[in-house]
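Okay, structure first, notes after.
The values are calculated or read from the model by the stated rules, or taken from the named source; none is laboratory data. Just so we're clear, the structure is a prediction, and the values are computed from it rather than from any experiment. Cβ atoms come from the backbone with ideal geometry, glycine included; neighbour counts cover every protein chain shown.
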Amino acid sequence: MAEVSLRKLRKTYGGVVAVEGVSLDIARGELIVLLGPSGCGKSTTLRMVAGLESISGGELFIGERNVTQLEPKDRDIAMVFQNYALYPHKTIRANLGFGLKMRGIDAAETVRRVDEVAEMLAITHLLDRKPRQLSGGQMQRVALGRALVRDPAVFLLDEPLSNLDAKLRVRMREEIALLQKRIGKAMIYVTHDQTEAMTLADRIVIMRDGHVQQIGAPLEVYDRP
Ligand code: ADP
Ligand code: ADP
């Protein structure tokens with residue numbers, strides 16, 4: 001059974017269609033990349049899955065649950081943003097633990113999970129710092145860590161590497177691929193970068209003008225004219 005199921009998702013803004021008829025089943029352990037030019041509807045689709053945008057039509061399932069109308073916090077999902085979205089005045093430890101605290105996880109369990117994820121991402125030495133004392137790559141690790149500590153069924157990543165320089169982008173890309181294999185969750189990854197899509201994806205969804213144009217394994221979609 002699919003871990004995530006998008007069924008004919010549709011989004012309109014004041015009568016203008018931004019996304020239409022997007023259907024997609026994602027299995028546990030599968031990394032799906034939404035690829036396409038700016039404005040084709042990748043981000044809107046991801047934000048509907050996250051619950052950051054209301055869904056104008058169609059349905060969204062996480063496991064067997066219809067979550068179409070649920071608040072972001074009630075979907076078993078965590079999202080990583082391009083701009084990291086860290087709290088500037090909190091330490092890295094507090095940034096990592098904040099989402100757990102909000103969800104009523106106790107302090108000891110929060111410490112345990114934050115330590116575990118920090119070790120996984122090699123950021124243990126940064127836990128007492130504030131975001132402004134970190135490099136871009138370090139902040140991106142923290143942003144990933146904040147999603148990981150929540151241990152959701154589904155990870156959403158919106159252009160997570162586009163603020164990094166080319167070298168770091170390649171390294172983080174490899175790390176995300178390894179991490180994905182290790183945690184084995186469903187992941188939806190948005191990018192306009194074809195190389196990123198080709199190297200990371202189990203399947204690529206090519207979007208154009210708010211529609212799905214093609215879905216397939218990287219070589220399948222790449223080989224076709
Ligand atoms: P992508 O992520 O592929 O760059 P988006 O999902 O951001 O594309 O945008 C898809 C379409 O929806 C675009 O035509 C965009 O202008 C439109 N759109 C996105 N957000 C809004 C909004 N808040 N209000 C009106 N139109 C929007
Ligand atoms: P949590 O760690 O529980 O996700 P956050 O305080 O980090 O809590 O975020 C709360 C919610 O705020 C997110 O789930 C998301 O809905 C929204 N949010 C946070 N950062 C951004 C951002 N950069 N852009 C858009 N929405 C955001």
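State yes or no: is Leu60 farther than 21 Å from Arg182 by Cα and of a type outside the set (Ser, Thr, Tyr)? Reasoning before the result, please.
Values: farther than 21 Å from Arg182 by Cα: yes; of a type outside the set (Ser, Thr, Tyr): yes.
Yes.
Within segment 179-200, how many residues are surrounded by 14 or more Cβ atoms within 10 Å (Cβ to Cβ), in a loop (DSSP other than H, G, I, E, B) and not basic (Lys, Arg)?
2
Would you say Thr12 is closer than 15 Å to Gln213 by Cβ and of a type outside the set (A, V, I, L, M, F, W, C)? Lay out the reasoning, then the answer.
On the way: closer than 15 Å to Gln213 by Cβ: no; of a type outside the set (A, V, I, L, M, F, W, C): yes.
Against the criterion (closer than 15 Å to Gln213 by Cβ and of a type outside the set (A, V, I, L, M, F, W, C)), Thr12 does not qualify.
The rows are residues; the columns are (1) modelled with pLDDT of 95 or more; (2) closer than 20 Å to Leu161 by Cα; (3) within 16 Å of ligand 2 (Cβ to nearest atom).
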{"residue": "Asp25", "(1), (2), (3)": "yes, no, no"}
{"residue": "Gly63", "(1), (2), (3)": "no, no, no"}
{"residue": "Phe81", "(1), (2), (3)": "no, yes, yes"}
{"residue": "Thr91", "(1), (2), (3)": "yes, no, yes"}
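Would you check which residues across segment 201-225 are surrounded by fewer than 17 Cβ atoms within 10 Å (Cβ to Cβ) and assigned to a helix (DSSP H, G or I) and list them? Show your work before the answer.
Step one: of segment 201-225, the residues surrounded by fewer than 17 Cβ atoms within 10 Å (Cβ to Cβ) are 202, 208-209, 211, 213-217, 219-220, 222-225.
Within segment 201-225, Leu219, Glu220, Tyr222, Asp223 meet the criteria.
When the residues of segment 47-84 are filtered to those that are more than 16 Å from ligand 1 (Cβ to nearest atom) and basic (Lys, Arg), which remaining residue is surrounded by the fewest Cβ atoms within 10 Å (Cβ to Cβ)?
By that ranking, first place goes to Lys73.
Taking the condition of being in contact (Cβ under 8 Å) with a residue 12 or more places away in the chain and part of a helix (DSSP H, G or I), how many residues in segment 132-170 meet it?
Count: 18.
Please identify the pairs in which a residue from segment 171-189 that is over 15 Å from Pro160 (Cβ atoms) and at pLDDT below 90 has its Cβ atom under 9 Å from the Cβ atom of a residue that is of a type in the set (Lys, Arg) and surrounded by fewer than 17 Cβ atoms within 10 Å (Cβ to Cβ), counting only partners at least 6 apart or on another chain.
Going by the 9 Å Cβ cut-off, the qualifying pairs are Gly184/Arg28.
Check whether at least one residue in segment 115-128 is surrounded by fewer than 18 Cβ atoms within 10 Å (Cβ to Cβ) and within 16 Å of ligand 2 (Cβ to nearest atom), and report yes or no.
So far as segment 115-128 goes, no, none of its residues is surrounded by fewer than 18 Cβ atoms within 10 Å (Cβ to Cβ) and within 16 Å of ligand 2 (Cβ to nearest atom).
Pairs, please: C-beta under 7 Å, at least 6 apart or cross-chain, first residue more than 20 Å from Thr44 (Cα to Cα) and in segment 193-212, second away from ligand 2 (no atom under 16 Å from the Cβ) and assigned to a loop (DSSP other than H, G, I, E, B)?
Asp202/Glu30
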